[in-house]
Amino acid sequence: MTAIDILPETASEQLARTIALGAEDKKGEDILLLKVTETCYLTDYFVIVTGFSKAQLRAIADSIEAKVKQEWNKDPLRIEGKAEASWIVQDYGDVIVHIFLPQAREFYHLEGFWGHAERIELPREEK
């Protein structure tokens, strides 16, 4: 495999991968990238992340915002749920981020609702 084989195809996918890395920086788990371009007119990708406390959800959201600002010079268009912190949504236009507590992620089950969307694999680093 060459470097070209593993490069994301679009800027939207690159942004989604940057967001996933920001979530990983704060120990976000079960990170899932869904390509919804063909089925959703609102966005190209969903990034779904689980955190295990309200403080961790806020830390994940802050980490994502900082990483995207640093690498893309881009702020979210809208952020919802940060005060309640059981489900935080960050809208970056081409990518919408959903950061959930486990119970909320299970209840809303976006993976099932958008189950027909293409799942984008994230490389896992060796620790």
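In the range 20-37, what residues are in a helix (DSSP H, G or I) and more than 11 Å from His98 (Cβ to Cβ)? Spell out the reasoning first.
So the first thing to find is which residues in the range 20-37 are in a helix (DSSP H, G or I), and the list is 20-25.
Residues satisfying the conditions are Ala20, Leu21, Gly22, Glu24, Asp25.
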Pick from the range 85-127, criterion touching a residue at least 24 places away in the same chain (Cβ under 8 Å) and over 22 Å from Thr18 (Cα atoms), ranking: surrounded by the fewest Cβ atoms within 10 Å (Cβ to Cβ) | His116
Scanning the range 38-66 for residues that are hydrophobic (A, V, I, L, M, F, W, C) and not in a helix (DSSP H, G or I), which turns out modelled with the lowest pLDDT?
-> Cys40
How do the pairs read when you match residues in the range 32-61 that are within 19 Å of Leu15 (Cβ to Cβ) with residues anywhere that are acidic (Asp, Glu), using Cβ under 6 Å and keeping only pairs 6 or more apart or on different chains?
-> Lys35/Glu118; Thr37/Asp44; Asp44/Asp94
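The values are calculated or read from the model by the stated rules, or taken from the named source; none is laboratory data. Just so it is clear, the structure is predicted and the values come from calculations on it, not from any experiment. Every residue, glycine as well, gets a Cβ built from its backbone with ideal geometry; the counts of neighbours run over all protein chains shown.
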